Structure formats: structure tokens, C-alpha cells
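Single-structure report; data block below.
The values are calculated or read from the model by the stated rules, or taken from the named source; none is laboratory data. Nothing here was measured: the structure is a model prediction, and the numbers come from that model. A quick note on method: Cβ atoms are made from the backbone with ideal geometry, for glycine too, and the neighbour counts reach across all protein chains shown. Calculation scope for accessible area: heavy atoms of the full protein, side chains included, ligands and nucleic acids excluded. Shrake-Rupley method; radii C 1.70, N 1.55, O 1.52, S 1.80 Å.
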Amino acid sequence: MADLLVTGGAGFIGSNFVHHVVNNTDRSVTVLDKLTYAASRESLAELPEDRVELVVGDVADAPLVDKLFAEHDAVVHFAAESHNDNSLDDPGPFIQTNIVGTFTLLEAARRHDVRLHHVSTDEVYGDLDLDDPKRFTEDTPYNPSSPYSASKAGSDHLVRAWVRSFGVRATISNCSNNYGPWQHIEKFIPRQITNLIDGVLPKVYGDGLNVRDWIHADDHSSAVLTILEKGRSGETYLIGADGERNNLQVVTAILEHFGRTKDDIEFVTDRAGHDRRYAIESGKLRAELGWAPRYQDFEAGLADTITWYQEHEDWWRPHKQATEAFYATKGQ
Ligand code: NAD
Ligand code: TDX
């Protein structure tokens, strides 16, 4: 197959996906990434130069996107502003990148008849109660809570409309919370690991009972490649690995790794509009496309991730002070 264009390929999951494609296919990859604060060139550093090219640019730059779509036969769209807390502070970039950026790609996909896979999130469905036996499915109504999740929901709606109205060949995936190497330290798990490396107590929002459904980024990547290769155009697939844990359980597992007790937690100001629980039913992806996660043991994957952050302090250290200064302004 010809070259693949990956937007946001210098971010946490996008870079993981580029490695996955290089290791598991014959494809060459062009990464289109704006290199925002969330990107890292280091995550792409060890890839073969004859198979991976980085184009620094914006997904909302229509002439650039048009040129790149003319040169590629498939696109996987990871680029986004991705952090809920930032969207509560300043929603503007979320509307611009997540909605206008996706619109820009869809118009190019329409002009050039390029196959598009749109990477989205389970947060578009809003949240579930803690005692609700239900999980999200492909039929769950959209009900986003934050500027971030509303912007992702908006982008999903655009993709569906471009499929139906213009015949664009696109699929959508909605995945649960990812963990693994190269995740920005603003996010929950790496923030707590790097706090503990610094001897600082983990900071847990509210009562800590909010549930997230954790999946290793490697499993997200294998699912996206499976959908790109075997998914039916116009379909949505939910990606999850049955990893429901509340935030206290996750922090306790991290604390144990550092030889600390579950009392070593600082409870801080809750996130506004904080979703209570996410949970994914991924039966469609597994039954129709034969995908299964490789990381069945969350605690083992978490232990590997802790070790990775301990061994990659050079990478995250330059961002730690500014990240914590931002949270401090919000009492978090
Ligand atoms: P990230 O913030 O780590 O990376 C985002 C990347 O997109 C960065 O490299 C950034 O430079 C790039 N980018 C941002 N704005 C851009 C623009 N205008 N033009 C070009 N590039 C731009 O995000 P992530 O956690 O890797 O998430 C990737 C995708 O997966 C997002 O679409 C996100 O909504 C989705 N997702 C993430 C999770 C998760 O747990 N992190 C779960 C489900 C879905
Ligand atoms: O310091 C913290 N303390 C804390 O208790 C942080 C940063 C978070 N939290 C809580 C909030 C959530 O309940 O931990 C949970 C996870 O928080 P985040 O890492 O910010 O993730 P979340 O808001 O759940 O969204 C993530 O998963 C879905 C990604 O950031 C999104 O991009 C993805 O769509």
C-alpha cells in the first residue's frame, strides 16, 4: 500500500501508532503535526528516516492539507487538543483544532477521495453513574460534558455528515483512557508518577471515586490499524480493554510501587463538570474485526510505565515546573 498520513503523530498516541505501523506493515508514514506543547520529536527519533517524514504544520491549514492529501491514499487523524483541564481554562484552541481542523481534513478527503480514519474518545458519550451496570456502545447517545469532549463530539458529527452527504470513505473510533510511555505529564497517571519521583504527594480531584476504563496505548494503536485495514466505511468502533478502575485504585497501585501507603494522597479541588464514570463495550470491534488487547493486566502495564518515567526523566523534567504551576493556579 502507498503512504499513510498521520496527523498528530508526534503526540502520545499518534507517535505510538507510527511505531506500530512501521513495525507491523510495509507502509511509509508522513506525520503532520503542529508540534504544540504536547508534542515530542523524541518520540519519533528512533524511527527509520526512509520510512517516516515529519511535516510541521497545522491541520487547519487548508492549502497544506490539500497538498498532503493529494500525495497520500489514507489518513489517520489523531491531532487534537486533548486535555480536559486546558479546555476548561481556554476552550478556543479546542474549537479551532478539533472542529475546524477536522472540517479541513474532511474537505480534502472529499476532493481527493482519500480514506480517513478519525480517532475520537469515549468522552463524547458523557458519563455513567458508578452503580450503572451499563457500558458505552456504538449506539449510546452523544452527551459531552466539557469543551474538550464537546469539540470531539462535534468533530465526530462532521465525519458522519461528510460520509452520508458526500460519500467520504471514513471510519471513527472512540477509545477509553490511554496510559503508557510518552504521555504528557499533565495527564493523571504520569502526573502522579512524576510527583512521587519528586517526593510530592499524588493530587486527586474530589473524592477520587471517578472511574476511567484504562487501555495501554499499544492496544489503541493495534485497534486503529485493524480498523484502517478491515473496518467498514461509515462505521464507528469502540475501543476498550475492560480496564475499569477508580482514581483511588490507580493512585494506590502507583503508591505501592514507590513503597508508600494509600494515606499518602492529597485531595485537591475537583474538576468542573468532572465526568463520573466511563466504560467501554468493545464487542463489535472484537467480533467483527477480530481485534483483542495484548495488555490484559493493567497493574503490570502500569508498573512498566512507572519504570519508563523513572528512566526518562530527561524527557519530562523540563515540563514539570510549568505543568505544576498551571495546576497550582487552580488549587489542583
Ligand atoms: P496529545 O495531546 O498527546 O497529542 C496531540 C498531538 O496533536 C500533538 O503532537 C500536537 O502537537 C498535535 N496537534 C495539536 N494541534 C494540532 C494542529 N492544529 N495541527 C497539527 N497537529 C496538532 O494527545 P493524545 O493523548 O495522543 O491523543 C491523540 C488523539 O486520541 C486525540 O484525538 C484524542 O482526542 C484521542 N484520544 C485520546 C485518549 C487519551 O487517553 N489520551 C483517549 C481516547 C482518544
Ligand atoms: O491531577 C489529576 N488528578 C486527578 O484526580 C489529574 C490530571 C486528573 N485527575 C482525574 C481526572 C479524571 O477523573 O483523573 C482522571 C483522568 O484524568 P485525565 O488524565 O485528565 O484524563 P481524562 O480527563 O479522563 O481524559 C483522558 O481520556 C480520554 C484524555 O486526556 C482524553 O484525551 C481522552 O479523550
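Would it be correct to say that Gly234 is at positive phi and open to solvent by less than 10 Å² (accessible area, probe 1.4 Å)?
Taking the combined requirement at face value, the residue does not satisfy it.
Just checking, does region 97-104 include any residue being more than 10 Å from ligand 1 (Cβ to nearest atom), open to solvent by less than 50 Å² (accessible area, probe 1.4 Å) and under 22 Å from Val224 (Cα atoms)?
Within region 97-104, one or more residues are more than 10 Å from ligand 1 (Cβ to nearest atom), open to solvent by less than 50 Å² (accessible area, probe 1.4 Å) and under 22 Å from Val224 (Cα atoms).
Give me a count of the residues in region 269-321 that are within 15 Å of ligand 2 (Cβ to nearest atom), of a type in the set (A, V, I, L, M) and in contact with a Ser or Thr (Cβ under 6 Å, 6 or more places away or on another chain).
1
Could you look through region 39-62, keep only residues that are among the β-branched types (Val, Ile, Thr) and more than 19 Å from the chain's Cα centre (by Cα), and pick out the one that is most open to solvent (accessible area, probe 1.4 Å)?
Looking at residues that are among the β-branched types (Val, Ile, Thr) and more than 19 Å from the chain's Cα centre (by Cα), I get Val56.
Using beta carbons and a limit of 9 Å, which pairs, at least six apart or on different chains, have the first residue in region 259-275 and touching a residue at least 24 places away in the same chain (Cβ under 8 Å) and the second one within 14 Å of ligand 2 (Cβ to nearest atom) and among the acidic types (Asp, Glu)?
Phe267/Asp207; Asp270/Asp207; Arg271/Asp85; His274/Asp127; Asp275/Glu123; Asp275/Asp127
One line per residue, one yes/no per condition, for (1) under 20 Å from Ile215 (Cα atoms); (2) away from ligand 2 (no atom under 16 Å from the Cβ); (3) in contact with a Lys or Arg (Cβ under 9 Å, 6 or more places away or on another chain):
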{"residue": "His19", "(1), (2), (3)": "yes, yes, no"}
{"residue": "Arg27", "(1), (2), (3)": "no, yes, yes"}
{"residue": "Thr30", "(1), (2), (3)": "no, yes, no"}
{"residue": "Leu44", "(1), (2), (3)": "no, yes, no"}
{"residue": "Leu47", "(1), (2), (3)": "no, yes, no"}
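Residue by residue through region 108-133, note down the ones that are away from ligand 1 (no atom under 15 Å from the Cβ) and at negative phi.
Ala109, Arg110, Arg111, His112, Val114, Arg115, Leu128, Asp129, Leu130, Asp131, Asp132, Pro133 - these are the residues of region 108-133 that are away from ligand 1 (no atom under 15 Å from the Cβ) and at negative phi.
If I ask for residues that are of a type in the set (Ser, Thr, Tyr) and either outside any loop (DSSP other than H, G, I, E, B) or open to solvent by less than 20 Å² (accessible area, probe 1.4 Å) (or both), which ones from region 123-142 would you list?
Tyr125
Residues are listed down the side, and each one gets a yes or a no for (1) out of contact with any Cys (no Cβ under 7 Å at 6 or more places or on another chain); (2) surrounded by fewer than 20 Cβ atoms within 10 Å (Cβ to Cβ); (3) within 25 Å of Arg115 (Cα to Cα):
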| residue | (1), (2), (3) |
| --- | --- |
| Pro144 | yes, no, no |
| Pro147 | yes, no, no |
| His157 | yes, yes, yes |
| Gly167 | yes, yes, yes |
| Gly199 | yes, yes, no |
| Leu209 | yes, yes, no |
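Being in contact with a Leu (Cβ under 8 Å, 6 or more places away or on another chain) and more than 30 Å from Leu225 (Cβ to Cβ) is true for just one of Glu256, Glu266. Which residue is that?
None of the other options fit; the residue is Glu266.
Kindly establish whether Leu5 is modelled with pLDDT of 95 or more and more than 30 Å from Lys203 (Cβ to Cβ).
The answer is yes for Leu5.
Given (1) in a helix (DSSP H, G or I); (2) open to solvent by less than 50 Å² (accessible area, probe 1.4 Å); (3) closer than 20 Å to Leu228 by Cβ, identify the lone condition not met by Asn23.
(2)
Please specify each residue of region 298-328 satisfying the condition of being open to solvent by 60 Å² or more (accessible area, probe 1.4 Å) and farther than 22 Å from Asn210 by Cβ.
Within region 298-328, Asp304, Gln310, Glu311, Glu313, Asp314, Arg317, Pro318, His319, Gln321, Ala322 meet the criteria.
Let me spell it out: the conditions are (1) surrounded by fewer than 23 Cβ atoms within 10 Å (Cβ to Cβ); (2) within 18 Å of Ala109 (Cβ to Cβ); (3) free of Cβ contacts under 8 Å to residues at least 60 places away in the same chain, and Glu71 meets all of them except one. Which number is the exception?
(3)
Could you list, in sequence order, all residues of region 183-213 that are in contact with an Asp or Glu (Cβ under 8 Å, 6 or more places away or on another chain) and within 11 Å of ligand 1 (Cβ to nearest atom)?
Residues satisfying the conditions are Glu186, Arg212, Asp213.
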